[in-house]
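Taking it in order: structure first as C-alpha cells, then the write-up.
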Amino acid sequence: MIFLSKWSSQTLCAGAELGVFDCLSREGARTASDVAAETALDPRLLYRLLRALASLGLLKNAFMREYGEMAFDHARANPDGYGAVFGRAMSGFSAIQSAWALEALRDYDFSSVATWCDVAGGHGHMMCSFLAAYPHLSGTVLDLPEVVAGKDQLWAGRLGLEKRCRYVAADMFKEVPADADVYSLKMILHDWNDSECTQILQTMRHRAKPDSRIFIVEHIVPGPFESHFSKLFDIHMMCWGSGQERTEEEYALLLHASGWRFVACHYPLHAGMGVVEGVAV
C-alpha cells in the first residue's frame, strides 16, 4: 500500500507538472495524440500516463466522480435535496452580486434601453434590482420551468414589480425571447466550457436585434501576478463541472465567436466582479 500511495501521488504530480490537466479542462473530448501535440510530449508515453490517471479517477471532475452526474443534472434529479440547497445558495449569493452589478454599471446610460432579458436569471433578483433602480425599464427573466414554477419565490411578486417583470420558462441553449434591448447572464457562463458558452451566446444572438447589448456578469480573472478571488474560485469550478473563470480577453473571444462585439468591461469599486459588455453585430 505504501508503494501504491507513492506511485499514485507521483502520477498525479506528473500530470500536473506536464500540463495534462490544463489541456483536458478545455472544451470537447481530447485524445492522447491531441494532448501530446499540444504539450510536445511523446504520445505513447503520454497515453500510458493518461491511462494511469484515469485508473485513479483523476480525469473526471470531483463532483462527477462523487455523484456520477453533473451538478445541474444532480440538482434536477434531487429537487428536495441537493436541488433545494443549491437553489437557496444561488438566491443568497444574488443579493450581493446584484448590488455589485448595479455598482459596476452606475455610470451607464440606460436612457435608450426599454426592454431587458436576464437569461438563466433564477428567481429574478438581479432583474428586479435594475427595475427598481430604473423605473422606465421592463424586464423578462428566463429560466427552466422548475425554477420559475415556484411563484412564492419569485422576486417580482415579492417586490411588487409584476407589471414590469415577466417570467419565461425555457432552455437557454435552445431559445430566448426576441428583440430585447439588453440581454444579461449573471454567473452563468462560468458554469460551462467554451463550446457550451458559444452555443448559449449564439442562441441569444439569433434572437437579438442588430444593436442589442449583452452584459456578462462574472468574476473576471486579472493578470497572472494579481491576487484575486476569481483564481481560487476557478479551482472550485474545475472540481464542480466543465466551466471555468475567464479573463476579460477570453470573454471577448467568446463574444466574437458568437456574433457579438466586445465593447468594454465595467467594474464596481472593489473590482471583485465585472460586467463584460458586448453588442450584436
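The values are calculated or read from the model by the stated rules, or taken from the named source; none is laboratory data. On a predicted model such as this, the values are computed, not experimentally measured, just so you know. Glycine gets a Cβ as well: all are built from the backbone with ideal geometry, and neighbour counts include every protein chain shown. Heads up: the accessible areas ignore ligands, DNA and RNA and are worked out on the full protein's heavy atoms, side chains in. Shrake-Rupley method; radii C 1.70, N 1.55, O 1.52, S 1.80 Å.
For the chain, which longest stretch is free of loop sites, where a loop site is one of the GluC sites (Glu not before Pro) that DSSP puts outside H, G, I, E and B and that has at most 12 other Cβ atoms within 10 Å?
Longest gap between qualifying sites, sites excluded: 1-161.
Among V113, C165, A178, whose Cα sits farthest toward the positive end of the charge dipole of segment 98-183 (+1 at Cβ of Lys/Arg, -1 at Cβ of Asp/Glu, about the Cα centre)?
Of the options given, the answer is C165.
Full extension from F225 to M70: what is 0.36 nm times the residue separation minus their Cα-Cα distance, to one decimal in nm?
52.6 nm
So for the pair V279, T115, with labels modelled 7 Å out along Cα→Cβ, what separation do we get in nm?
For V279 paired with T115, the spin-label model returns 2.0 nm.
Using a 1.4 angstrom probe with every protein chain in place, what is the largest-first accessible-area order of K163, K174?
Of K163, K174, the descending order of accessible area is K163, K174.
Over segment 155-281, average the accessible area per residue using a 1.4 Å probe and give it in Å², no decimals.
47
For the chain, taking Cα atoms only, what is the radius of gyration to one decimal and the Dmax to the nearest whole Å?
When restricted to the Cα atoms of the chain, Rg and Dmax are 20.7, 68 Å.
Quick check: residue separation of Q153 and A169 times 0.36 nm, minus the Cα distance between them. What number comes out in nm?
Computed gain between Q153 and A169 is 4.3 nm.
Keeping all protein chains in the complex and leaving out DNA, RNA and ligands, what accessible area do you get for V35 with a 1.4 Å probe, in Å² to the nearest 10?
Approximately 0 Å² of V35 is accessible to the 1.4 Å probe.
Dimensions of segment 160-281 along principal axes (Cα, Å, largest first)?
43, 36, 28
Just going by the charge dipole of the chain, with Lys and Arg at +1 and Asp and Glu at -1 on Cβ, which of G272, W260, C197 is farthest out on the positive end?
C197
Once the piece of chain linking S195 and L269 is laid out straight, how much longer is it, given 0.36 nm per residue of separation minus the C-alpha distance between them?
So the chain would gain 23.5 nm between S195 and L269.
Restricting the count to DSSP beta bridges whose residues both fall in the chain, what percent are antiparallel, rounded to a multiple of 5?
About 40 percent, rounded to the nearest 5.
Leaving ligands, DNA and RNA out of it, rank D143, D211 by accessible area with a 1.4 Å probe, largest first.
The ranking, largest first, comes out as D211, D143.
I'd like the carbon and sulfur percentage of the solvent accessible area for the chain, probe radius 1.4 Å, heavy atoms only, ligands and nucleic acids excluded.
That fraction is 58 percent.
Taking the Cα centre as origin and putting +1 on Lys and Arg beta-carbons and -1 on Asp and Glu beta-carbons, what dipole magnitude results for the chain, to the nearest 20 debye?
Here the chain has a charge dipole of around 420 debye.
Using only helices, what value at 222 nm comes out for the chain when you add -39,500 (n - 2.57) per DSSP H run of length 4 or more and divide by the total residues, to the nearest 500 deg cm²/dmol?
Calculated at 222 nm, the ellipticity per residue is -13500 deg cm²/dmol.
Ignoring ligands, DNA and RNA, how do H256, H74 rank by accessible area with a 1.4 Å probe, largest first?
Descending order: H256, H74.
Given +1 on the Cβ of Lys and Arg, -1 on the Cβ of Asp and Glu, and no further charges, what dipole in debye does segment 116-246 carry about its Cα centre, rounded to the nearest 20?
That gives segment 116-246 a dipole magnitude of about 420 debye.
In bins 10 Å wide, starting from 0, what share of all Cα pairs of segment 122-199 does each bin hold, as a percent?
Distribution as computed: 17, 50, 28, 5 percent.
Spin-label point model (7 Å from Cα, Cβ direction): what's the L144 to D80 distance in nm?
For L144 paired with D80, the spin-label model returns 1.8 nm.
Over 22 Å apart: what share of the alpha carbon pairs of segment 160-232 falls there, rounded to a whole percent?
36
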